[in-house]
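The values are calculated or read from the model by the stated rules, or taken from the named source; none is laboratory data. The model shown is predicted, which means the values in this text are computed figures rather than measured ones. Here the Cβ positions follow ideal geometry from the backbone for every residue, glycine too, while neighbour counts run over all protein chains shown. What goes into the accessible areas is simple: the full protein's heavy atoms, side chains included, and nothing from ligands, DNA or RNA. Shrake-Rupley method; radii C 1.70, N 1.55, O 1.52, S 1.80 Å.
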Amino acid sequence: MFNKNKPLDNSTSSGLGIPTPPEPAKPTPAPAAPIAAAPVRTPEPPRPAARSSSLSTLSAGVKYEGNISGAGELQVDGSLKGDIRVVRVVIGEGGAVEGTVHADILEVRGRVSGAIVAKQVKLFATSRVEGDITQEQLSIEQGAWFQGRCTQAKRDTPGANMLEGPAPAEKPAPAKADAKVEAKPAA
């Protein structure tokens with residue numbers, strides 16, 4: 001009765017009056033030329049802010065007594081009694097330092113009792129600083145506690161030598177044995 005296939009019909013219809021979709025054209029292969037294929041790189045997940053691999057940490061609960069110096073970074077979450085001289089110092093909320101801190105960058109969330117000498121100083125709301133600060137840039141968040149004097153030193157000012165490393169110790173000139181020393185009253 002009904003014949004689905006018509007052997008001699010070359011039309012593009014499927015027999016129900018619906019035309020069949022045309023087949024996609026097959027891509028012609030490109031001539032085989034030695035082309036260096038670029039390696040496929042998968043995107044890397046975003047990393048946190050770049051940190052130096054030379055980060056040292058004094059963990060919470062650790063009490064350290066002595067001076068720390070070097071070219072790296074220091075995270076203080078414990079207690080330190082002594083001086084610090086490194087490139088970057090972060091004092092965590094539970095961290096405490098009793099001594100002088102010399103750094104290029106200093107972030108304080110905990111306590112510092114002593115002088116601070118740094119290029120950039122940031123006192124967060126949880127910080128408590130008791131001592132003088134000598135810096136190029138200072139940022140103090142609302143809620144931070146600071147007791148001391150603050151001196152802004154730029155590279156071209158006389159106090160800027162404090163921002164650099166320690167000056168080499170100069171030996172006083174030897175006094176001559178036969179030299180006379182005269183004291184004159186100030187007028």
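With every protein chain in place, what's the accessible area of LYS154 (1.4 Å probe, Å², nearest 10)?
For LYS154, solvent-accessible area is about 110 Å².
Enumerate the amide H contacts of LYS81 below 5 Å, restricted to partners 5 or more residues apart or on another chain; note that Pro and chain-start residues carry no placed amide H.
Excluding prolines and chain starts, which carry no amide H, the hits are TYR64, GLU65, GLY66, GLU98.
Is there a quick way to get the dipole size of the range 54-145? I mean about its Cα centre, with the Cβ of Lys and Arg at +1 and of Asp and Glu at -1; what is the value in debye to the nearest 20? Before the final figure, lay out each step's value.
Working: 9 positive and 12 negative charges, 17 e Å.
Magnitude of the dipole: close to 80 debye.
So, in nm, how far is label TYR64 from label GLN152 when the simple model puts each one 7 Å beyond its Cα toward the Cβ?
Between TYR64 and GLN152, the simple spin-label model gives 3.3 nm.
Among LEU138, LEU106, what's the order by accessible area (1.4 angstrom probe), most exposed first? Could the numbers behind the result be given before it?
Details: LEU138 65, LEU106 0 Å².
Ranking LEU138, LEU106 by accessible area, largest first, yields LEU138, LEU106.
Arrange the residues ARG88, ARG111 by how much accessible surface each exposes, largest first, with a 1.4 angstrom probe.
Numbers: ARG88 35, ARG111 135 Å².
Ranked list, largest accessible area first: ARG111, ARG88.
Any chance you could look up the accessible area of GLU141 with a 1.4 Å probe, heavy atoms only, rounded to 10 Å²?
For GLU141, solvent-accessible area is about 70 Å².
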